[in-house]
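Report on the following structure.
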Amino acid sequence: MSQQTVRSPQALKVLPLTCALGAHISGVQLSQAAQDGGLFDELHALLLEHKVLFLRDQVLTRAEHVAFASRFGSLEDHPVAGSDPEHPGLVRIYKSPDQPADRYENAWHSDASWREKPPMGCVLRCVECPPVGGDTMWANMALAYDKLPAHVKEQIAPLRARHSIESTFGAAMPIEKRLALHAQFPDAEHPVVRTHPQTGEKILYVNGFTTHFTNFHTPANIRYGQDYNPGGADLLRYLVMQAYVPEYQVRWRWHPNSVAIWDNRSTQHYAVMDYPPCHRKMERAGIQGDTPF
C-alpha cells in the first residue's frame, strides 16, 4: 500500500492511516470544497475509497460546515440531541464537566440505523476537546463482513433485524416520553447484510441499535422453541462484536478544528469515554440516506 499519494489538480495529500480504513487529507479547506464542485467530487471519491476522511486545521463557520455537508444531500435533525437553532441539521454533541461522572458515551454503532432511511454519512467538527482522551474510533464493516467464515455468511444472508431508538436513547426516559419517542420512530427493520449503493460492497449491518432478528425463527434454524433465544441472541452478539476487532479499526485524536467525514453505510464508530470531567464539544451534520437493501 502506498503510504502517501498526491492528487491533482488540487494537490490533495492523502495519507492512509491503517490498512483497514481511514485517510488523513491535507492541502484543502472544506470551505473551498463547499463551493468547488470538482474539489468536492474528488473528496467524495476518496470517501468511498477510504470510508473515513480526517482533516486538521479546518477554519469553518457553522454555515460553511452545513454548506459542505449539504453537497452530499439534505441534512437531518436528531430527535434527542440538540441542533443549532440557526442551522437545522447541525447537531450539537456537547459534554460538560457538570454532567454525572457515570455518564456513558455510546456503543459501537452506525448513526441512526433506527431510521427507515439511515444517514448516508456525517461531517463531524471538533469545537473543543479534552487535552487528553476523547478519541473516536471507526470500524470497516465491509471488511468485517468479508472476513466472516463462509458458513456464517451463508446463515445470515437472508436474515433481517430490528433497530430501535426506544431501547437506546429512550431507555433512560420516563415511560410516557419513551413511548412517545417509539410512536414517532417505530423500530426499523433492515437486512443484516446490506449492499453499498455506490461501491456494491456487502456490509455487516448490525450494531448497538440492533435488538433482534425478525426472521430467525424458521425450521432451518430452530429444532425446538428453546433454540430460538440462545441461537438468535448468540449469533447477533457474535456479529455485533465484529466491530470490536482491532484489525478493522482506525482511531483519531481530536484537536480543535479537526474534521472527520465518514460513510455511515459501511462503517461503525465509537466515541471513547476516557477523559476526566471537562468540555468536549462536537458539531455533526448528518446527511440523509436511502433505505438499506
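The values are calculated or read from the model by the stated rules, or taken from the named source; none is laboratory data. Fair warning: this is a prediction, and the values are worked out from it, not measured in the lab. Cβ coordinates were reconstructed from backbone atoms using ideal geometry, including for glycine residues, and neighbour counts include every protein chain displayed.
What number of residues in segment 265-283 are assigned to a loop (DSSP other than H, G, I, E, B) and either within 19 Å of Ala67 (Cα to Cα) or in contact with a His (Cβ under 7 Å, 6 or more places away or on another chain) (or both)?
Going residue by residue through segment 265-283, those that are assigned to a loop (DSSP other than H, G, I, E, B) are 265-266, 272-279.
Next, only the ones that are either within 19 Å of Ala67 (Cα to Cα) or in contact with a His (Cβ under 7 Å, 6 or more places away or on another chain) (or both) stay: 265-266.
Final tally of qualifying residues: 2.
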- Message: For segment 213-221, check the following and say yes or no: at least one residue is part of a strand (DSSP E or B), surrounded by 14 or more Cβ atoms within 10 Å (Cβ to Cβ) and modelled with pLDDT of 95 or more.
- Response: yes
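Do we have Asp227 as surrounded by fewer than 16 Cβ atoms within 10 Å (Cβ to Cβ) and at pLDDT below 95 here?
Values: surrounded by fewer than 16 Cβ atoms within 10 Å (Cβ to Cβ): yes; at pLDDT below 95: yes.
For Asp227, the condition - surrounded by fewer than 16 Cβ atoms within 10 Å (Cβ to Cβ) and at pLDDT below 95 - is met.
Hey, among the residues in segment 239-264 that are in contact (Cβ under 8 Å) with a residue 24 or more places away in the chain and part of a helix (DSSP H, G or I), which one's surrounded by the fewest Cβ atoms within 10 Å (Cβ to Cβ)?
Within segment 239-264, the first condition is being in contact (Cβ under 8 Å) with a residue 24 or more places away in the chain, and the residues that meet it are 239-240, 242-245, 247-264.
Right, trim to part of a helix (DSSP H, G or I) and you get 239-240, 242-244, 247-248.
Numbers: Leu239: 24, Val240: 20, Gln242: 21, Ala243: 26, Tyr244: 14, Glu247: 12, Tyr248: 24.
Filtering segment 239-264 for residues that are in contact (Cβ under 8 Å) with a residue 24 or more places away in the chain and part of a helix (DSSP H, G or I), the one surrounded by the fewest Cβ atoms within 10 Å (Cβ to Cβ) comes out as Glu247.
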